[in-house]
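Bear in mind that the values in this text are calculations on the coordinates, not laboratory data. Small disclaimer: the values here were computed from a predicted structure and weren't measured. Using ideal geometry, Cβ is built from the backbone for each residue, glycine included, and neighbour counts are taken over all protein chains shown.
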């Protein structure tokens, strides 16, 4: 069964800092990998989708990379802002979606 | 993209009762999913809601406890039956095929006393 792990579980950074969130998965047979943002008490918002044939995707200050062979993905957030504070989840798609446990990010003004 | 709404947004229920959660999508979709997110945990897939046939349940989830309806391509309901405090969670519906972006509803926050 696919297992998805996210490190760190929590992260606190000062505003303006660049940061990296990590996601690892055990089975490389995936369709894609998605990064989501979840605000407290809310649903999930899709940030980036990387197809299995792709290496990275960019959207604004966000850049996500995928190394399928090693079972790793990173989400890079540039010039962090207090509004980036949320829980970030990665999910891999195989015969269903498998979610990581999330990284809780706090950006301190 | 798809816009998804859920009702109710939150509820507090008594042990032994049942709650039906509705999920409405603004466009026709083939695949619709129901997830549970227990406090401090990630998302766990409950079942895939199939239009015109029975839902497909994941290991650990059964139809008697979580009956699902999918009467058309834009709507589904999930019922949490005979509730206990362990059912206190956020319940989310989502849409999208496995190869594409997943869209999620805002979730239903359930507290069982």
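Taking the Cβ-Cβ separation of residue B:18 and residue A:39 as r and a Förster radius of 35 Å, what is the calculated FRET efficiency to the nearest 0.05?
Working: r = 29 Å, r/R0 = 0.83.
Working from the Cβ atoms, E equals 0.75.
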Fill in the blank from the handout: Taking the convex hull of the alpha-carbon atoms of the protein assembly as shown and averaging its shadow over every direction gives an area in square nanometres of 12.0
Practice task
Note down the Stokes-Einstein diffusion coefficient of chain A in µm²/s, whole number, using a Kirkwood radius over alpha carbon pairs, 10 °C, and 1.306 mPa s.
Solution key: 115
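How many times 2.2 N^0.38 Å is the alpha carbon radius of gyration of the stretch B:1-40? Don't jump to the answer; show the numbers that get you there.
Details: Rg = 12.9 Å, N = 40, 2.2 N^0.38 = 8.9 Å.
It is 1.45.
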Handout entry: Per-selection metrics, chain B (Cα): Rg and Dmax in Å
Key = 13.1, 40
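Ordered by packing density, taken as the mean number of other Cβ atoms within 10 Å over each peptide's residues, highest first, how do A:19-26, B:51-58, A:43-50 rank?
Values: A:19-26: 17.9, B:51-58: 13.8, A:43-50: 20.0.
Order by mean packing, descending: A:43-50, A:19-26, B:51-58.
Find the eigenvalues of the gyration tensor of the Cα atoms of the stretch A:24-75, then list the square roots of 5 times those eigenvalues as equivalent ellipsoid semi-axes, largest first, in whole angstrom.
Details: eigenvalues 85, 35, 15 Å².
Value: 21, 13, 9 Å, ordered largest first.
What does the highest-first list of A:86-92, B:3-9, A:69-75 look like by mean Cβ count within 10 Å? Show your work: numbers first, answer last.
Details: A:86-92: 24.3, B:3-9: 14.9, A:69-75: 16.4.
In decreasing order of mean packing, A:86-92, B:3-9, A:69-75 become A:86-92, A:69-75, B:3-9.
For the stretch B:39-113, what does the relative contact order come out to in percent, with C-alpha contacts under 8 Å and a separation of six or more?
Values: 101 pairs, mean separation 16.1, N = 75.
It comes to 22 percent, rounded to a whole number.
Could you sort the peptides A:59-67, A:8-16 by per-residue average Cβ neighbour count (10 Å cutoff), highest mean leading?
Values: A:59-67: 16.2, A:8-16: 12.0.
Packing order, densest peptide first, comes out as A:59-67, A:8-16.
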Problem - In nm, spacing of pseudo-spin labels at residue A:69 and residue A:13 (7 Å Cα→C-beta vector) - result: 2.8
Completion exercise
Computed D for the stretch A:56-109, Stokes-Einstein, Kirkwood radius over alpha-carbon pairs, 25 °C, 0.890 mPa s, to the nearest µm² per second, is 195
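For peptide A:32-40, how many partner chain Cβ atoms fall within 10 Å of a residue's Cβ, on average?
On the way: counts 5, 0, 4, 0, 4, 0, 7, 0, 0.
If you average over the peptide's residues, the count of other-chain Cβ atoms is 2.
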Handout entry: For residues of A:94-103, the mean tally of beta carbons on other chains within 10 Å
Key = 4
